[in-house]
Amino acid sequence: MGKYLNNTKREFQRCVNCVMDTTDSKIVFDENGVCDFCNDYKTNILPHWNPSDDNPELEIVSEKIRKAGKGKKYDCIIGLSGGVDSSYLCYIAKTIMKLRPLVFVVDTGWNLNVAVKNIEKVVKKLNLDIYTEVVNWDEMKDLQLAFFKSQVPYQDLPQDHAIFAALYNYAVKNGIKYVLTGANNATECIRPPVEWVYQNDITLIKDIHKKFGKIKLKTFPLCGMIKYRLFYPYIKGMRRVAPLNLIDFDYDKVKAFLQEYFGWQSYENKHYENIFTRFYEGYYLPYKFGYDKRKCYLTNMILTGGMTRDEALKELETSPYSFDLIQEDKEYIAKRLGISTDEFETLINGENKTFEDYKNSFKIIQFGTRVLRSLSIEKKKFR
Ligand SMILES: [Zn+2]
């Protein structure tokens, strides 16, 4: 059994509308037992989100991108993982938006064969150029092992950060103004709580690596929040566009379409596109910390009408993936990280820590986000 160390202070409570509960220790319930995720969705997301297939906004954005890219080899760049969202984004960009994207792939050393195949199929069928950035494996391995030794929950951070940073660094360096992202409200409007998923804090990455790493990070892609939020957009003119929020994005329909159009293959779970993520989300996080990220995905489905609460609760009762495969993944990951399965087991059962046990920029990032948010609200008011 897992330890659930962080969740001992509160009595267990689950939202009456979705499946989020007090395993997020900061969850807030209103007097009707509805959680802040549900209320935030109702008041802050839904009113500003009107997806439809004839949304004029999509063509307006497309034209802007085409115009800015005139005379250049590519007018935008798309990070492709081989999953539903980014594969469909490539299709939309090329055939509906009539853009000339460069497909950008990051090889972190963990990609499943099925993801690699999907990427090949999408690129070939749409006749797109592809650039693959291979992260230095020795550095990747060293940083990931350092993270396991640090005992924080966010074991996907090194990989996620590499994918994120490599894309934006490449775009800006090569003068590609528009970065198209597959981010979308239909499947991702419920952001996992910060204590479950903590992202893109290079102060934390560097501190953990300094304490537990063995080799220097010379080429590992890094992009701090000041660079990403301020320097890139305001000095370098980088623009981020999320087209999937401008169209009617029905996850199941899109999946069926991808299968038919590309011969695309699905994974057992939306986010299990690589072995590391599968092990991390399906085993490490729920076992060691009691955090089950499926609760966020399922809540997303409930709020956007793709599933009932009862169906979601039933799914949560099943194990994320089979015991045999967990064991297999555990052995495989230990071997790739250069440690024995016993050593890995010891690390997994070590004392749980959080980002607060290390140097971090949490307060600065939060403050910056608040300032930027209030600025863009101000702008809207005066338009
Ligand atoms: Zn809720």
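Numbers below:
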{"read-out": "Members of the stretch 124-140 found to be crowded, with 18+ Cβ neighbours inside 10 Å and β-branched (Val, Ile, Thr), listed by number", "value": "135"}
{"read-out": "Candidate set from the stretch 78-93 (those that are assigned to a helix (DSSP H, G or I) and among the small types (Gly, Ala, Ser)); member that is farthest from the chain's Cα centre (by Cα)", "value": "93"}
{"read-out": "Scope the stretch 26-47; condition among the acidic types (Asp, Glu) and either more than 10 Å from the ligand (Cβ to nearest atom) or more than 23 Å from residue 196 (Cα to Cα) (or both); matching residues", "value": "31"}
{"read-out": "Within the stretch 172-224, considering residues that are in contact with a Lys or Arg (Cβ under 8 Å, 6 or more places away or on another chain) and polar (S, T, N, Q), the one nearest to residue 147 (Cα to Cα)", "value": "203"}
{"read-out": "Residue count for the stretch 46-68, restricted to those that are under 19 Å from residue 250 (Cα atoms) and in contact (Cβ under 8 Å) with a residue 40 or more places away in the chain", "value": "7"}
{"read-out": "Exclusive hit being under 25 Å from residue 229 (Cα atoms), more than 18 Å from the chain's Cα centre (by Cα) and among the hydroxyl-bearing types (Ser, Thr, Tyr), set 187, 132, 181", "value": "132"}
{"read-out": "Pick from the stretch 1-22, criterion away from the ligand (no atom under 13 Å from the Cβ) and at pLDDT 90 or above, ranking: nearest to residue 305 (Cα to Cα)", "value": "12"}
{"read-out": "Scan of the stretch 173-191 for residues that are more than 30 Å from residue 100 (Cα to Cα) and surrounded by fewer than 18 Cβ atoms within 10 Å (Cβ to Cβ), ordered by number", "value": "191"}
{"read-out": "Any hit, the stretch 64-74, residues being surrounded by 21 or more Cβ atoms within 10 Å (Cβ to Cβ), within 16 Å of the ligand (Cβ to nearest atom) and farther than 21 Å from residue 258 by Cβ", "value": "no"}
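The values are calculated or read from the model by the stated rules, or taken from the named source; none is laboratory data. These numbers come from a predicted model, not from an experiment. Cβ atoms come from the backbone with ideal geometry, glycine included; neighbour counts cover every protein chain shown.
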